[in-house]
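Remarks on the structure that follows.
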Amino acid sequence: MMDAEHIDSAPAPKSVTIASLFYWPEKTGIAPPVQQLAEMLAEQGAQVTVLAPRPSYPEMAVFPDYRDGSRDRETHNGVSIVRFSIAPQKPGGGLVSRAVTELALAWWIWWHLITRPRPDLAVGVCPSILAVGAMLLSVSRKTQRVAVMYDIQSGLAKSLKMARHSFVGAVIEWLERTTLNQVDRVITLSQAMSDAIRGIGVKVPISIIPPTVDDVLIQPRPEAPGPITLLYSGNIGRKQGLEQLIDLAEHLQQRQLDALLIIRGDGNFREELQQRAEERGVSSLRFEPLLPVERLSEGMAQGHIHLVPQNPAGAAFAVPSKIYSIMAAGRAFICTADPGSPLDRLREESDAFITCAPNQPGMLADAVECLMKNPNERARLGCNGRDYVERYAGRATCADAYRAAFLERS
(Lines give C-alpha, C1' and ligand atoms only; values in the text may rest on other atoms or scores of the structure.)
Protein backbone atom coordinates (compact mmCIF):
# COMPACT_ATOMS: atom_id res chain seq x y z
CA MET A 1 0.00 0.00 0.00
CA MET A 2 1.10 3.57 -0.60
CA ASP A 3 1.79 5.65 2.48
CA ALA A 4 -0.29 8.78 3.14
CA GLU A 5 2.52 11.15 2.14
CA HIS A 6 2.94 9.40 -1.24
CA ILE A 7 -0.82 9.50 -1.87
CA ASP A 8 -1.05 13.17 -1.02
CA SER A 9 1.84 14.05 -3.36
CA ALA A 10 0.91 11.77 -6.28
CA PRO A 11 -0.84 13.41 -9.22
CA ALA A 12 -4.55 12.70 -9.43
CA PRO A 13 -5.93 11.63 -12.84
CA LYS A 14 -6.76 14.67 -14.98
CA SER A 15 -9.22 12.91 -17.27
CA VAL A 16 -11.53 10.05 -16.31
CA THR A 17 -14.00 8.00 -18.34
CA ILE A 18 -16.55 5.85 -16.51
CA ALA A 19 -18.54 3.23 -18.43
CA SER A 20 -21.71 2.12 -16.65
CA LEU A 21 -24.94 0.37 -17.54
CA PHE A 22 -26.80 2.70 -15.15
CA TYR A 23 -26.44 6.37 -14.18
CA TRP A 24 -28.32 9.48 -13.08
CA PRO A 25 -31.23 10.28 -13.23
CA GLU A 26 -31.94 6.65 -12.33
CA LYS A 27 -32.67 6.66 -8.59
CA THR A 28 -32.11 3.08 -7.46
CA GLY A 29 -29.60 0.27 -7.85
CA ILE A 30 -26.02 1.16 -8.73
CA ALA A 31 -26.82 4.51 -10.40
CA PRO A 32 -26.60 6.63 -7.20
CA PRO A 33 -23.20 5.28 -6.02
CA VAL A 34 -21.76 5.55 -9.55
CA GLN A 35 -23.01 9.13 -9.64
CA GLN A 36 -21.32 9.81 -6.31
CA LEU A 37 -18.04 8.39 -7.65
CA ALA A 38 -18.16 10.50 -10.81
CA GLU A 39 -19.01 13.70 -8.95
CA MET A 40 -16.33 13.12 -6.30
CA LEU A 41 -13.70 12.80 -9.04
CA ALA A 42 -15.02 15.97 -10.70
CA GLU A 43 -14.82 17.81 -7.37
CA GLN A 44 -11.15 16.77 -7.15
CA GLY A 45 -10.49 18.57 -10.43
CA ALA A 46 -10.71 15.74 -12.98
CA GLN A 47 -12.51 16.05 -16.30
CA VAL A 48 -15.03 13.24 -15.90
CA THR A 49 -17.08 11.68 -18.70
CA VAL A 50 -19.70 9.00 -18.05
CA LEU A 51 -20.74 6.66 -20.87
CA ALA A 52 -24.16 5.09 -20.33
CA PRO A 53 -27.38 4.10 -22.11
CA ARG A 54 -30.38 6.40 -22.01
CA PRO A 55 -31.88 6.00 -18.51
CA SER A 56 -34.51 3.28 -18.11
CA TYR A 57 -34.08 1.60 -14.71
CA PRO A 58 -36.01 0.12 -12.98
CA GLU A 59 -39.01 0.46 -15.31
CA MET A 60 -36.94 -0.97 -18.23
CA ALA A 61 -38.40 1.72 -20.49
CA VAL A 62 -36.42 4.81 -21.54
CA PHE A 63 -37.48 7.83 -19.49
CA PRO A 64 -39.76 10.17 -21.51
CA ASP A 65 -37.40 13.17 -21.36
CA TYR A 66 -34.62 11.13 -22.98
CA ARG A 67 -36.42 9.31 -25.77
CA ASP A 68 -35.82 11.89 -28.52
CA GLY A 69 -32.05 11.99 -27.99
CA SER A 70 -31.93 15.69 -27.14
CA ARG A 71 -30.23 14.88 -23.84
CA ASP A 72 -27.69 12.39 -25.16
CA ARG A 73 -25.00 14.98 -24.39
CA GLU A 74 -25.36 16.92 -21.16
CA THR A 75 -23.45 18.03 -18.07
CA HIS A 76 -24.73 17.41 -14.56
CA ASN A 77 -22.93 18.48 -11.37
CA GLY A 78 -19.65 18.92 -13.24
CA VAL A 79 -19.79 15.53 -15.01
CA SER A 80 -20.10 15.23 -18.80
CA ILE A 81 -22.57 12.50 -19.75
CA VAL A 82 -22.64 10.74 -23.11
CA ARG A 83 -25.70 8.55 -23.61
CA PHE A 84 -26.28 5.88 -26.23
CA SER A 85 -29.55 4.84 -27.85
CA ILE A 86 -29.75 1.23 -26.69
CA ALA A 87 -32.87 -0.87 -26.19
CA PRO A 88 -33.25 -1.60 -22.46
CA GLN A 89 -33.36 -5.15 -21.21
CA LYS A 90 -36.86 -6.57 -21.63
CA PRO A 91 -38.70 -7.21 -18.34
CA GLY A 92 -38.44 -10.93 -17.73
CA GLY A 93 -36.21 -11.28 -20.79
CA GLY A 94 -33.50 -13.14 -18.88
CA LEU A 95 -29.87 -13.47 -19.83
CA VAL A 96 -30.44 -13.26 -23.59
CA SER A 97 -32.14 -9.87 -23.38
CA ARG A 98 -29.50 -8.64 -20.96
CA ALA A 99 -26.68 -9.84 -23.21
CA VAL A 100 -28.15 -7.99 -26.20
CA THR A 101 -28.32 -4.74 -24.22
CA GLU A 102 -24.81 -5.14 -22.81
CA LEU A 103 -23.29 -6.06 -26.18
CA ALA A 104 -24.77 -2.91 -27.70
CA LEU A 105 -23.38 -0.83 -24.83
CA ALA A 106 -19.96 -2.48 -25.18
CA TRP A 107 -19.83 -1.62 -28.88
CA TRP A 108 -20.66 2.04 -28.24
CA ILE A 109 -18.14 2.26 -25.40
CA TRP A 110 -15.44 0.80 -27.65
CA TRP A 111 -16.30 3.18 -30.51
CA HIS A 112 -16.39 6.25 -28.27
CA LEU A 113 -13.06 5.49 -26.61
CA ILE A 114 -11.12 4.70 -29.79
CA THR A 115 -12.28 7.95 -31.40
CA ARG A 116 -11.36 10.23 -28.48
CA PRO A 117 -8.09 11.17 -26.72
CA ARG A 118 -7.20 8.48 -24.20
CA PRO A 119 -8.13 9.27 -20.58
CA ASP A 120 -5.72 8.98 -17.67
CA LEU A 121 -8.17 6.67 -15.90
CA ALA A 122 -10.85 4.39 -17.35
CA VAL A 123 -13.40 2.80 -15.01
CA GLY A 124 -15.69 -0.03 -16.07
CA VAL A 125 -18.63 -0.72 -13.78
CA CYS A 126 -20.13 -4.17 -13.27
CA PRO A 127 -22.81 -5.68 -13.43
CA SER A 128 -21.67 -5.34 -17.06
CA ILE A 129 -18.46 -7.28 -17.51
CA LEU A 130 -18.81 -6.52 -21.22
CA ALA A 131 -18.45 -2.80 -20.46
CA VAL A 132 -15.16 -3.58 -18.71
CA GLY A 133 -14.05 -5.69 -21.68
CA ALA A 134 -14.87 -2.91 -24.14
CA MET A 135 -12.85 -0.50 -22.02
CA LEU A 136 -9.85 -2.83 -22.10
CA LEU A 137 -10.04 -3.24 -25.88
CA SER A 138 -10.13 0.48 -26.55
CA VAL A 139 -7.47 1.99 -24.25
CA SER A 140 -3.79 1.11 -23.94
CA ARG A 141 -1.96 0.13 -20.77
CA LYS A 142 -0.80 3.74 -20.49
CA THR A 143 -4.32 4.38 -19.19
CA GLN A 144 -5.04 3.10 -15.71
CA ARG A 145 -7.89 0.58 -16.02
CA VAL A 146 -10.12 -0.16 -13.02
CA ALA A 147 -13.18 -2.39 -12.65
CA VAL A 148 -15.76 -1.50 -9.99
CA MET A 149 -17.78 -4.61 -9.09
CA TYR A 150 -21.26 -3.94 -7.72
CA ASP A 151 -22.50 -7.40 -8.81
CA ILE A 152 -20.69 -10.62 -9.66
CA GLN A 153 -22.71 -11.82 -12.63
CA SER A 154 -21.46 -15.40 -12.69
CA GLY A 155 -22.35 -15.94 -9.04
CA LEU A 156 -25.80 -14.40 -9.44
CA ALA A 157 -26.49 -16.38 -12.61
CA LYS A 158 -25.69 -19.65 -10.86
CA SER A 159 -27.19 -18.99 -7.45
CA LEU A 160 -30.43 -17.44 -8.72
CA LYS A 161 -30.69 -19.99 -11.55
CA MET A 162 -30.74 -17.24 -14.17
CA ALA A 163 -28.89 -19.55 -16.56
CA ARG A 164 -30.79 -22.63 -17.76
CA HIS A 165 -27.61 -24.55 -18.53
CA SER A 166 -24.59 -24.80 -16.26
CA PHE A 167 -22.18 -24.08 -19.11
CA VAL A 168 -23.69 -20.57 -19.44
CA GLY A 169 -22.65 -19.78 -15.88
CA ALA A 170 -19.23 -21.26 -16.60
CA VAL A 171 -18.84 -19.04 -19.67
CA ILE A 172 -19.77 -15.92 -17.68
CA GLU A 173 -17.29 -16.91 -14.97
CA TRP A 174 -14.54 -17.44 -17.57
CA LEU A 175 -15.35 -14.04 -19.08
CA GLU A 176 -15.17 -12.35 -15.69
CA ARG A 177 -11.91 -14.07 -14.75
CA THR A 178 -10.25 -13.33 -18.09
CA THR A 179 -11.40 -9.72 -18.20
CA LEU A 180 -10.72 -8.79 -14.59
CA ASN A 181 -7.20 -10.23 -14.70
CA GLN A 182 -6.37 -7.61 -17.35
CA VAL A 183 -7.29 -4.54 -15.28
CA ASP A 184 -4.93 -2.74 -12.92
CA ARG A 185 -7.28 -2.99 -9.95
CA VAL A 186 -10.70 -4.28 -8.93
CA ILE A 187 -12.82 -2.34 -6.45
CA THR A 188 -15.69 -4.14 -4.76
CA LEU A 189 -18.10 -3.62 -1.89
CA SER A 190 -17.40 -6.21 0.80
CA GLN A 191 -14.94 -8.83 1.96
CA ALA A 192 -17.39 -11.55 0.91
CA MET A 193 -17.49 -10.17 -2.63
CA SER A 194 -13.70 -9.90 -2.65
CA ASP A 195 -13.48 -13.54 -1.58
CA ALA A 196 -15.92 -14.54 -4.33
CA ILE A 197 -13.85 -12.67 -6.93
CA ARG A 198 -10.70 -14.41 -5.74
CA GLY A 199 -12.64 -17.67 -5.88
CA ILE A 200 -13.16 -17.44 -9.64
CA GLY A 201 -9.42 -16.96 -10.18
CA VAL A 202 -8.91 -13.18 -10.25
CA LYS A 203 -5.38 -12.32 -9.10
CA VAL A 204 -5.07 -8.53 -9.56
CA PRO A 205 -5.16 -6.18 -6.53
CA ILE A 206 -8.60 -5.73 -4.95
CA SER A 207 -9.76 -2.77 -2.86
CA ILE A 208 -12.92 -2.86 -0.71
CA ILE A 209 -14.96 0.36 -0.67
CA PRO A 210 -18.65 0.37 0.35
CA PRO A 211 -21.24 2.00 -1.95
CA THR A 212 -20.87 5.75 -1.52
CA VAL A 213 -23.89 7.47 0.02
CA ASP A 214 -24.52 11.21 -0.04
CA ASP A 215 -24.52 11.78 3.70
CA VAL A 216 -24.80 15.52 3.10
CA LEU A 217 -28.05 15.23 1.13
CA ILE A 218 -29.52 12.49 3.34
CA GLN A 219 -29.93 13.72 6.90
CA PRO A 220 -31.66 12.12 9.91
CA ARG A 221 -35.09 13.48 10.81
CA PRO A 222 -37.34 12.88 13.84
CA GLU A 223 -39.89 10.10 13.61
CA ALA A 224 -43.35 11.23 12.54
CA PRO A 225 -46.18 10.73 15.05
CA GLY A 226 -48.93 8.23 14.36
CA PRO A 227 -49.04 4.60 13.29
CA ILE A 228 -45.78 2.81 12.52
CA THR A 229 -44.80 2.86 8.85
CA LEU A 230 -42.71 0.01 7.46
CA LEU A 231 -40.90 0.97 4.27
CA TYR A 232 -39.22 -0.85 1.43
CA SER A 233 -37.78 1.49 -1.21
CA GLY A 234 -35.93 0.46 -4.36
CA ASN A 235 -36.08 -1.86 -7.30
CA ILE A 236 -38.99 -4.29 -7.29
CA GLY A 237 -37.22 -7.24 -8.88
CA ARG A 238 -37.05 -10.96 -8.25
CA LYS A 239 -33.63 -11.06 -6.62
CA GLN A 240 -34.86 -8.77 -3.82
CA GLY A 241 -37.00 -11.51 -2.24
CA LEU A 242 -39.97 -9.14 -1.96
CA GLU A 243 -42.57 -11.91 -1.78
CA GLN A 244 -41.52 -12.10 1.88
CA LEU A 245 -43.19 -8.73 2.42
CA ILE A 246 -46.59 -10.06 1.36
CA ASP A 247 -46.24 -12.82 3.96
CA LEU A 248 -45.15 -10.24 6.53
CA ALA A 249 -48.17 -8.01 5.85
CA GLU A 250 -50.46 -11.02 6.36
CA HIS A 251 -48.86 -11.85 9.71
CA LEU A 252 -49.14 -8.25 10.90
CA GLN A 253 -52.83 -8.17 9.97
CA GLN A 254 -53.45 -11.43 11.81
CA ARG A 255 -51.78 -9.97 14.92
CA GLN A 256 -53.88 -6.79 14.53
CA LEU A 257 -50.81 -4.57 14.73
CA ASP A 258 -51.36 -0.96 13.72
CA ALA A 259 -48.76 -0.72 10.95
CA LEU A 260 -48.71 0.36 7.32
CA LEU A 261 -46.32 -1.34 4.92
CA ILE A 262 -45.23 0.74 1.90
CA ILE A 263 -43.40 -0.75 -1.08
CA ARG A 264 -41.95 2.20 -2.99
CA GLY A 265 -40.40 1.77 -6.42
CA ASP A 266 -40.81 -0.01 -9.72
CA GLY A 267 -39.43 -3.03 -11.52
CA ASN A 268 -40.27 -6.16 -13.45
CA PHE A 269 -41.81 -7.89 -10.41
CA ARG A 270 -44.13 -5.09 -9.28
CA GLU A 271 -47.22 -6.10 -11.24
CA GLU A 272 -47.03 -9.71 -10.07
CA LEU A 273 -46.38 -8.63 -6.48
CA GLN A 274 -49.39 -6.32 -6.50
CA GLN A 275 -51.54 -9.09 -7.91
CA ARG A 276 -50.44 -11.47 -5.16
CA ALA A 277 -51.27 -8.88 -2.49
CA GLU A 278 -54.74 -8.33 -3.97
CA GLU A 279 -55.46 -12.05 -4.24
CA ARG A 280 -54.55 -12.56 -0.58
CA GLY A 281 -56.54 -9.57 0.63
CA VAL A 282 -53.65 -7.70 2.22
CA SER A 283 -55.11 -4.30 3.07
CA SER A 284 -52.23 -2.87 5.13
CA LEU A 285 -49.91 -2.80 2.10
CA ARG A 286 -49.52 0.16 -0.26
CA PHE A 287 -47.47 0.57 -3.44
CA GLU A 288 -45.98 3.98 -4.29
CA PRO A 289 -43.61 5.41 -6.92
CA LEU A 290 -40.12 6.58 -6.00
CA LEU A 291 -39.84 10.18 -4.79
CA PRO A 292 -37.71 12.87 -6.51
CA VAL A 293 -34.11 13.13 -5.31
CA GLU A 294 -34.76 16.48 -3.61
CA ARG A 295 -37.30 14.71 -1.36
CA LEU A 296 -35.00 11.81 -0.50
CA SER A 297 -34.47 12.70 3.17
CA GLU A 298 -38.18 13.32 3.60
CA GLY A 299 -39.04 10.02 1.96
CA MET A 300 -36.56 8.03 4.04
CA ALA A 301 -37.90 9.64 7.22
CA GLN A 302 -41.43 8.40 6.47
CA GLY A 303 -40.36 4.90 7.43
CA HIS A 304 -40.18 4.26 11.17
CA ILE A 305 -38.66 0.88 10.28
CA HIS A 306 -37.11 0.01 6.91
CA LEU A 307 -37.16 -3.47 5.43
CA VAL A 308 -34.43 -5.06 3.32
CA PRO A 309 -35.54 -8.53 2.20
CA GLN A 310 -33.02 -10.48 0.15
CA ASN A 311 -32.90 -13.71 -1.78
CA PRO A 312 -30.22 -15.59 0.19
CA ALA A 313 -29.01 -17.49 -2.89
CA GLY A 314 -27.30 -14.39 -4.30
CA ALA A 315 -26.27 -12.81 -1.00
CA ALA A 316 -22.52 -13.24 -1.51
CA PHE A 317 -22.54 -11.72 -5.01
CA ALA A 318 -24.32 -8.39 -4.48
CA VAL A 319 -24.74 -5.91 -1.62
CA PRO A 320 -27.95 -3.83 -1.50
CA SER A 321 -26.66 -0.27 -1.61
CA LYS A 322 -29.94 0.99 -0.12
CA ILE A 323 -28.80 -0.08 3.35
CA TYR A 324 -26.22 2.71 3.43
CA SER A 325 -28.88 5.30 2.54
CA ILE A 326 -31.08 3.95 5.33
CA MET A 327 -28.21 4.24 7.79
CA ALA A 328 -27.46 7.78 6.58
CA ALA A 329 -31.09 8.66 7.33
CA GLY A 330 -30.67 7.40 10.88
CA ARG A 331 -33.36 4.75 10.59
CA ALA A 332 -33.51 1.28 12.08
CA PHE A 333 -34.04 -1.55 9.62
CA ILE A 334 -34.45 -5.30 9.37
CA CYS A 335 -32.64 -7.48 6.82
CA THR A 336 -33.33 -11.07 5.95
CA ALA A 337 -29.92 -12.70 5.98
CA ASP A 338 -28.31 -16.01 6.89
CA PRO A 339 -25.77 -16.20 9.74
CA GLY A 340 -22.29 -15.44 8.46
CA SER A 341 -23.56 -13.75 5.29
CA PRO A 342 -22.17 -10.34 4.22
CA LEU A 343 -25.21 -8.57 5.68
CA ASP A 344 -24.90 -10.45 8.94
CA ARG A 345 -21.22 -9.46 9.15
CA LEU A 346 -22.18 -5.84 8.51
CA ARG A 347 -24.74 -6.06 11.32
CA GLU A 348 -21.99 -7.14 13.71
CA GLU A 349 -19.69 -4.32 12.56
CA SER A 350 -22.27 -1.52 12.65
CA ASP A 351 -24.82 -2.57 15.31
CA ALA A 352 -27.27 -0.58 13.21
CA PHE A 353 -29.93 -3.13 12.26
CA ILE A 354 -31.48 -6.51 12.93
CA THR A 355 -31.24 -9.64 10.81
CA CYS A 356 -33.57 -12.60 10.71
CA ALA A 357 -33.67 -15.80 8.69
CA PRO A 358 -34.86 -15.46 5.08
CA ASN A 359 -38.26 -16.81 4.07
CA GLN A 360 -39.45 -17.05 7.68
CA PRO A 361 -42.40 -14.60 7.78
CA GLY A 362 -43.23 -15.37 11.40
CA MET A 363 -39.70 -14.52 12.52
CA LEU A 364 -39.73 -11.35 10.41
CA ALA A 365 -43.06 -10.34 11.97
CA ASP A 366 -41.59 -10.98 15.45
CA ALA A 367 -38.64 -8.68 14.67
CA VAL A 368 -40.95 -5.98 13.32
CA GLU A 369 -43.25 -6.21 16.35
CA CYS A 370 -40.28 -5.96 18.71
CA LEU A 371 -39.00 -2.76 17.06
CA MET A 372 -42.51 -1.31 16.82
CA LYS A 373 -42.82 -1.51 20.61
CA ASN A 374 -39.33 -0.14 21.35
CA PRO A 375 -38.74 3.43 20.06
CA ASN A 376 -35.55 3.73 22.14
CA GLU A 377 -34.03 0.74 20.35
CA ARG A 378 -35.04 2.19 16.98
CA ALA A 379 -33.29 5.43 17.92
CA ARG A 380 -30.16 3.60 19.11
CA LEU A 381 -29.84 1.55 15.93
CA GLY A 382 -30.46 4.65 13.80
CA CYS A 383 -27.73 6.63 15.57
CA ASN A 384 -25.29 3.74 15.16
CA GLY A 385 -26.10 3.54 11.45
CA ARG A 386 -25.52 7.24 10.86
CA ASP A 387 -22.19 7.03 12.69
CA TYR A 388 -21.14 4.00 10.63
CA VAL A 389 -21.93 5.73 7.33
CA GLU A 390 -20.00 8.85 8.29
CA ARG A 391 -16.97 6.71 9.17
CA TYR A 392 -17.00 4.26 6.27
CA ALA A 393 -19.43 5.11 3.42
CA GLY A 394 -19.93 8.88 3.38
CA ARG A 395 -18.73 11.14 0.59
CA ALA A 396 -15.59 12.40 2.32
CA THR A 397 -14.44 8.96 3.49
CA CYS A 398 -15.09 7.25 0.15
CA ALA A 399 -13.47 10.09 -1.77
CA ASP A 400 -10.25 9.44 0.15
CA ALA A 401 -10.55 5.67 -0.35
CA TYR A 402 -11.11 5.96 -4.10
CA ARG A 403 -8.29 8.46 -4.46
CA ALA A 404 -5.92 6.09 -2.68
CA ALA A 405 -7.04 3.15 -4.84
CA PHE A 406 -6.70 5.07 -8.09
CA LEU A 407 -3.27 6.41 -7.21
CA GLU A 408 -1.90 3.02 -6.21
CA ARG A 409 -1.08 1.21 -9.45
CA SER A 410 -0.11 -2.44 -9.39
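The values are calculated or read from the model by the stated rules, or taken from the named source; none is laboratory data. If you're wondering where the values come from, they're calculated on a predicted model, not measured in any experiment. Cβ: placed from backbone, ideal geometry, glycine included. Neighbour counts: every protein chain shown. These accessible areas exclude ligands, DNA and RNA; they are computed on the full protein's heavy atoms, side chains included. Shrake-Rupley method; radii C 1.70, N 1.55, O 1.52, S 1.80 Å.
Residues 27, 14, sorted by accessible area with the largest first, give 14, 27 [1.4 Å probe; ligands and nucleic acids excluded].
Using 1/(1 + (r/R0)^6) with R0 = 30 angstrom and r between the beta carbons of residue 97 and residue 71, what's the FRET efficiency to the nearest 0.05?
After rounding, the FRET efficiency stands at 0.80.
Each Cα pair under 8 Å and six or more residues apart adds its separation to the average, and for segment 21-131 the resulting relative contact order is 24 percent.
By its C-alpha gyration tensor, with a ≥ b ≥ c as the square roots of the eigenvalues, how is segment 337-384 shaped: rounded for a/c under 1.5, else prolate for a/b larger than b/c, else oblate? Since a/c reaches 1.5 but b/c is at least a/b, the shape of segment 337-384 is classed as oblate. Suppose R0 equals 45 Å. What FRET efficiency, 1/(1 + (r/R0)^6) with r the Cβ-Cβ distance, do residue 111 and residue 293 give to the nearest 0.05? The value I calculate is 0.90. Please label the shape of segment 202-290 as rounded, prolate or oblate, based on the square roots a ≥ b ≥ c of the eigenvalues of the alpha-carbon gyration tensor (a/c under 1.5 means rounded; beyond that, a/b larger than b/c means prolate, else oblate). It comes out oblate by the Cα gyration axes. The slack in the chain from residue 203 to residue 181, taken as 0.36 nm per residue of separation less the alpha-carbon distance, amounts to 7.3 nm.
Contact order, relative form, for the chain: 16 percent (alpha carbon pairs under 8 Å, 6 or more residues apart, mean separation divided by residue count). By the Kirkwood approach, averaging reciprocal distances over each pair of separate Cα atoms, segment 42-84 gets a hydrodynamic radius of 11.2 Å. Accessible surface for the chain, divided over its residues, is 43 Å² per residue with a 1.4 Å probe. Normalising the average separation of contacting C-alpha pairs (under 8 angstrom, six or more residues apart) by the number of residues puts the relative contact order of segment 335-404 at 27 percent.
Per-residue surface analysis assigns residue 388 an accessible area of about 20 Å², computed on protein heavy atoms at 1.4 Å probe radius.
Of the heavy-atom accessible surface of the chain (probe 1.4 angstrom), what whole percent is carbon and sulfur? Carbon and sulfur atoms account for 53 percent of the accessible area of the chain. Simple spin-label estimate for residue 349 and residue 286 gives 3.6 nm between the two label positions (7 Å along the Cα-to-Cβ direction from each Cα). Each label was represented as a point 7 Å from its Cα along the Cα-to-Cβ direction; for residue 396 and residue 256 these points are 5.1 nm apart. The Cα center of segment 45-90 and the Cα center of segment 332-410 differ in position by 31 Å. Just need log10 I(q)/I(0) for segment 258-382 at q = 0.18, 0.23 Å⁻¹, Debye formula, equal scatterers on the alpha-carbon atoms, no solvent, rounded to two decimals. Log-scaled intensity ratios, in q order: -1.14, -1.65. In the P(r) worked out for the chain, what percent of Cα pairs fall beyond 32 Å? Of all Cα-Cα distances in the chain, 34 percent exceed 32 Å.
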